[in-house]
Amino acid sequence: MAATGKPYPLRLTLQGDGADATVGCSAFDDPVPTSSPPPDQTFEINALLGRSTGTA
């Protein structure tokens, strides 16, 4: 949590099942993009974790 100003979370840490992750948070007041990035700027998280998406 931020120590001053609005109490925004600054970092989230997830642990378990051998897939630990830490996510940094910032730019809280910036607008969210309304379009998807091109395929060369994305990845499938399930593929990185070796999991099936369950879709055909």
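The values are calculated or read from the model by the stated rules, or taken from the named source; none is laboratory data. All of these numbers come straight from a predicted model, not from anything done at the bench. Please note: Cβ atoms are built from the backbone with ideal geometry, for glycine as well, and neighbour counts cover all protein chains shown. Keep in mind that these areas ignore ligands, DNA and RNA; they rest on the heavy atoms of the full protein, side chains included. Shrake-Rupley method; radii C 1.70, N 1.55, O 1.52, S 1.80 Å.
Could you check the stretch 1-19 and list, in sequence order, the residues that are part of a strand (DSSP E or B) and surrounded by fewer than 10 Cβ atoms within 10 Å (Cβ to Cβ)? Of everything in the stretch 1-19, just one residue is part of a strand (DSSP E or B) and surrounded by fewer than 10 Cβ atoms within 10 Å (Cβ to Cβ), namely Thr13. Within the stretch 36-51, no residue satisfies the criterion of being surrounded by 10 or more Cβ atoms within 10 Å (Cβ to Cβ), touching a Ser or Thr at 6+ places or on another chain (Cβ under 8 Å) and in a loop (DSSP other than H, G, I, E, B). Tell me yes or no: at least one residue of the stretch 22-35 is open to solvent by 80 Å² or more (accessible area, probe 1.4 Å), without any contact (Cβ under 8 Å) to a residue 40 or more places away in the chain and in contact with a strand residue (DSSP E or B) (Cβ under 6 Å, 6 or more places away or on another chain). Checked the stretch 22-35: at least one residue is open to solvent by 80 Å² or more (accessible area, probe 1.4 Å), without any contact (Cβ under 8 Å) to a residue 40 or more places away in the chain and in contact with a strand residue (DSSP E or B) (Cβ under 6 Å, 6 or more places away or on another chain).
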